[in-house]
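Asks: Can you read through this structure? Questions will come right after.
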Amino acid sequence: MERVSKTNYYLDIAQTVLERSTCLCRRFGAIIVKNDSIVSTGYNGAPRGRKNCTDIGHCVCNRAGGGESSEACRAVHAEMNCIISATREQMLDSTMYLCGVDAATGQIIEDANSCRTCRRMIINAGISRVVIRTSPTCFVSYNVRDWVLNDDSIGYLS
């Protein structure tokens, strides 16, 4: 039996975390790892104490026309929940692992990526790398420093 790579091991954990998601469209799970230790986990869902999409029976993003806007979404994103559960010291030079699946099909979202707001939070948190699952065994890796140097990749709010 072949041993799973360390990267896919952490992505498997992020994929398990997304099982707590309450989004009816896209379910995401994230973990932050530093020095081979899991620092925090997060999944997408409504803020504590507020009703989730699963509770109200529909996704607000779908009714608002979908898209990337975190403002239209009822949920706190997985990356955001992961970041607010850790201290900055724990996140400095860490890696975030992210996995997303389509809630209806359970299929991995091949082109998943962090939204602009999450990218800004990742930069400020001091996370150095983001790894996103694109299939059960494949992934893409982003050097967060590139997001800083290529400021246009984050976009501007109008």
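Asks: Can you pull the three principal axis extents for the Cα set of the chain, in Å, largest first?
Replies: Ordered largest first, the chain gives principal extents of 45, 40, 28 Å.
Asks: With the contact rule set at Cα under 8 Å and sequence spacing of 6 or more, what percent relative contact order holds for the chain?
Replies: 22
Asks: Right, something else. Quick check: at a probe of 1.4 Å, how many percent of the accessible area of segment 76-158 sits on carbon and sulfur atoms?
Replies: 49
Asks: Need one number: the % of Cα-Cα pairs in segment 72-158 sitting beyond the 23 Å mark.
Replies: Roughly 24 percent, once rounded to a whole number.
Asks: Over the chain, with the other protein chains present, what is the accessible area per residue in square angstrom, probe 1.4 angstrom?
Replies: It amounts to 57 Å² per residue over the chain.
Asks: Between Arg3 and Asp111, take the C-beta separation as r, use R0 = 22 Å, and let me know the FRET efficiency to the nearest 0.05.
Replies: 0.20
Asks: Let me ask something else. In nm, to one decimal, how far is the Arg120 label point from the Ser141 one, both placed 7 Å along Cα→Cβ?
Replies: Each label point lies 7 Å from its Cα, and together they span 2.9 nm.
Asks: While we're looking at this one, here's another question. Give me, ordered by chain and number, the residues 5 or more places off Arg74 or on other chains with an amide H under 5 Å from its own placed amide H.
Replies: The answer is Val60, Cys61.
Asks: What is the magnitude of the charge dipole of the chain about its Cα centre, with +1 placed on the Cβ of each Lys and Arg, -1 on the Cβ of each Asp and Glu, and no other charges, expressed in debye to the nearest 20?
Replies: 440
Asks: How high is the FRET efficiency from Thr16 to Asp55, r the C-beta distance, R0 22 Å, rounded to 0.05?
Replies: Here the calculated transfer efficiency is 0.50.
Asks: Let me ask you something else. Treat each spin label as a single point 7 Å out from the Cα along the C-beta direction, and report the Ala104 to Asp151 distance in nm.
Replies: About 4.0 nm separates the two model spin labels.
The values are calculated or read from the model by the stated rules, or taken from the named source; none is laboratory data. Predicted, not measured: the structure shown is a model, and the values here were computed from it. Quick reminder, even Gly has a Cβ in these numbers, built from the backbone with ideal geometry, and neighbours come from all protein chains shown. Areas reflect the complete protein model, heavy atoms only, side chains present, ligands, DNA and RNA absent. Shrake-Rupley method; radii C 1.70, N 1.55, O 1.52, S 1.80 Å.
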